[in-house]
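The values are calculated or read from the model by the stated rules, or taken from the named source; none is laboratory data. Given the structure is predicted, the values throughout are model-derived calculations rather than measurements. Accessible surface areas use protein heavy atoms only, side chains included; no ligands, DNA or RNA. Shrake-Rupley method; radii C 1.70, N 1.55, O 1.52, S 1.80 Å.
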Amino acid sequence: MSGNLALFCERMRYWCEQASLGYDQTQRWDIRDGGECDCSSLVIHSLREAGFDTGSASWTGDIEANLTVRGWVRLEPWLGTARPGDVLLRHNYGNGTGHVCAVVSGYGWDAMVGEAWLDENGGVYYGQSGDQTLLETRIRQIYSYPWDMFLRYAGQEEDMEPGDLTNYSINTVDEGNTPLWQVWAWNLKYAKEAYYQTSAMSAAIETLASKAGADPYEIAKSVQKAVKEKLDTLKVPEIDYGALAEAVASKVQTGADAATIAKATANELYKRLKA
């Protein structure tokens, strides 16, 4: 069973940025808007949403064993090599230091990770449901920690066509409280961010080619500089979701089916992202 890393990153970002998902190890599988999770249940749940087979993985102690027999490889935890979709893992050695998170965007030291951190009291048990501090589940810059490894998917990814994203949104939106038009907005906005990352990587490749024969350290510095400069020129516009909802509402009839709403939302969002 193959999954898709872009969708894995999107789901991690949804749970950490958009949904009100709190931290509580006693209710760690209550993953919904207004629910609870812990670091490992969030990563495992998001992997499954993205189509990955996680076997019987259920906590930091068995993620490695279940993923490395399903297309994932273990890498040294060098933060400068991080890329979207990487899972950063610290085994639980019984001393409270076990942790796992995932890179959701960016590369190397500029990468951003999604993670479930602590509850509103700075603990791990019996917190209130939902994210009380907006930091119980969060996106932050990659950071030093006694990581044991990176887990990186090396198998065949499932291709994601526009229709796949449409079907994913339609099939999952009814399970929670997220409006369909907003799910569409997040999916398409993420697609544009992915395009920007690809554009930046192209700039890096061109720079690398021009530096052929140079010292590897100088090549690495040149590539990093080219990627940063390219990303600095590419900005994803902010979306006024209220205006988007009004525009969609004006074009569909009350009680319209999900596919009609999705199509109208895609058209309106495309206009805004194209601008």
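What residues qualify as long-range amide H neighbours of Ile31, i.e. H under 5 Å apart, gap of 5 or more or another chain, H built at 1.01 Å from N?
Excluding prolines and chain starts, which carry no amide H, the hits are Glu36.
On a full-extension model of 0.36 nm per residue, what is the gain between Ser222 and Gln128, subtracting their alpha-carbon distance, rounded to one decimal in nm? Don't skip to the end; give the middle numbers.
On the way: separation 94, 0.36 × 94 = 33.84 nm, distance 4.76 nm.
Going from the current span to full extension adds 29.1 nm.
May I ask you to rank Trp15, Trp117 by accessible area, largest first, using a 1.4 Å probe over the protein chains only?
Details: Trp15 15, Trp117 90 Å².
From most accessible down to least: Trp117, Trp15.
Can you pull the three principal axis extents for the Cα set of the range 71-150, in Å, largest first?
36, 28, 24
How big is the gap, in Å, between the Cα center of the range 39-75 and the Cα center of the range 91-137?
That distance is 16 Å.
Suppose accessible area is computed on protein heavy atoms with a 1.4 Å probe; arrange Tyr153, Tyr145 from highest to lowest. It would help to have the intermediate numbers written out before the result.
Numbers: Tyr153 25, Tyr145 70 Å².
Correct descending sequence by accessible area is Tyr145, Tyr153.
Quick one: Karplus J couplings for the range 25-37, per residue in order, coefficients 6.51, -1.76, 1.60, θ = phi - 60°, nearest Hz, x for Gly and Pro?
Couplings: 6, 7, 10, 5, 9, 8, 8, 6, 5, x, x, 9, 7 Hz.
With only alpha-carbon atoms counted, please give the Rg and Dmax of the range 16-109, in Å.
13.4, 36
Quick one: 3J(HN,Hα) in Hz for the range 85-92, Karplus 6.51/-1.76/1.60 with θ = phi - 60°, rounded, Gly and Pro as x.
Those phi angles translate into x, 5, 9, 9, 10, 10, 4, 7 Hz.
Can you send over the carbon and sulfur percentage of the accessible area for the range 1-41, probe radius 1.4 Å, protein chains only?
On the way: 540 of 1310 Å².
Here it works out to 41 percent.
Tabulate in residue order the Karplus-calculated ³J(HN,Hα) for the range 72-81, using 6.51 cos²θ - 1.76 cosθ + 1.60 with θ = phi - 60°, rounded to whole Hz; enter x for Gly and Pro.
Karplus-based 3J(HN,Hα) across the range 72-81 equals 9, 10, 8, 10, 5, x, 8, 4, x, 9 Hz.
Give the ranking of His45, His99 by solvent-accessible surface, highest area first, calculated with a 1.4 Å probe.
In descending accessible area the options line up as His45, His99.
Using only alpha carbons, build the gyration tensor for the range 78-121 and give me the equivalent ellipsoid semi-axes, biggest first, whole Å. It would help to have the intermediate numbers written out before the result.
Values: eigenvalues 94, 36, 11 Å².
Values for the range 78-121, descending: 22, 13, 8 Å.
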